[in-house]
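Peer 1: Take this structure, written in structure tokens, and hold onto it; I'll ask about it next.
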Amino acid sequence: QVYVQESGGGLVQIGGSLRLSCVASGDMSGIMTMAWYRQTPGKQREWVAAQTNGGTINYAESVKGRFTFSRDTAKNAAYLQMNSLRLEDTAIYYCLSTAQPLGASYWHDYWGQGTQVTVSS
């Protein structure tokens, strides 16, 4: 079993910063992709940022220049530094890890439970 756990959400004022953390753990051979998504009530889950196989980090247009994605492969961790936060950044943020279960030949998407980010005026 593979587990994904996010942390670091909270309440912040407009223009403030938060840093989200995500750690994948469990029985896995490797991680191909780690990504951040977010979701607000009544809307589909929205992709925020991702990196696959240590390659280019890609960002949604809405967060470019404000959010920074980073990874620590030794810790199976990913981070999202969020600066200049706006009201519209309020959402539950989810971490996705595409991992290969130990002994398996396939890759599977594992989601965390999410962490709430609330930006207030």
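Peer 1: Counting pairs of alpha carbon atoms under 8 Å apart in space and at least six apart in sequence, what relative contact order in percent does segment 1-42 give? Could you put the intermediate results ahead of the total?
Peer 2: Values: 34 pairs, mean separation 17.4, N = 42.
Taking the mean separation of contacting Cα pairs over the length of segment 1-42, I get 41 percent.
Peer 1: Counting heavy atoms of the protein chains only and a 1.4 Å probe, report the per residue accessible area for segment 1-65 as a whole number of Å².
Peer 2: Values: 3670 Å² over 65 residues.
Roughly 56 Å² per residue, with all protein chains present.
Peer 1: Using a 1.4 Å probe on the protein chains only, how many percent of the accessible area of the chain belongs to carbon and sulfur?
Peer 2: 47
The values are calculated or read from the model by the stated rules, or taken from the named source; none is laboratory data. A quick note: this is a predicted structure, and the numbers were derived from the prediction, not measured. The accessibility values were calculated without ligands, DNA or RNA, using every heavy atom of the protein model including side chains. Shrake-Rupley method; radii C 1.70, N 1.55, O 1.52, S 1.80 Å.
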